[in-house]
């Protein structure tokens, strides 16, 4: 959760800067940056979580391959 909040804060900051320069932040100063940052943060957190799962699965496959190789030898 802490990692998600850091990602959300970074996305919020970037969203505010981008929207300010596009002119949208002047019309809706609090709503759009928060929503866009939330969407970015959710997407980044999901992708980051998938990366961790893939790394865990790769380690498990390597361990199982070693076990199979040792048992067959």
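Bear in mind these aren't lab numbers, they're just calculated from the coordinates by the rules spelled out. No experiment lies behind these values; they were computed from the predicted model shown. All Cβ positions, even for glycine, are placed from backbone atoms using ideal geometry, and neighbour counts span all protein chains on display.
Modelled this way, with points 7 Å down the Cα-to-C-beta line, the labels at residue 54 and residue 20 are 3.5 nm from one another. Label sites at residue 65 and residue 35, each approximated as a point 7 angstrom past Cα along Cα to Cβ, lie 4.7 nm apart. Per-residue Cβ neighbour counts within 10 Å put 35, 7 in the sequence 35, 7, beginning with the fewest.
Give me the orientation-averaged projected area of the Cα convex hull of the chain, in nm², one decimal.
On the way: hull surface 24.1 nm².
Its average projected convex-hull area is 6.0 nm².
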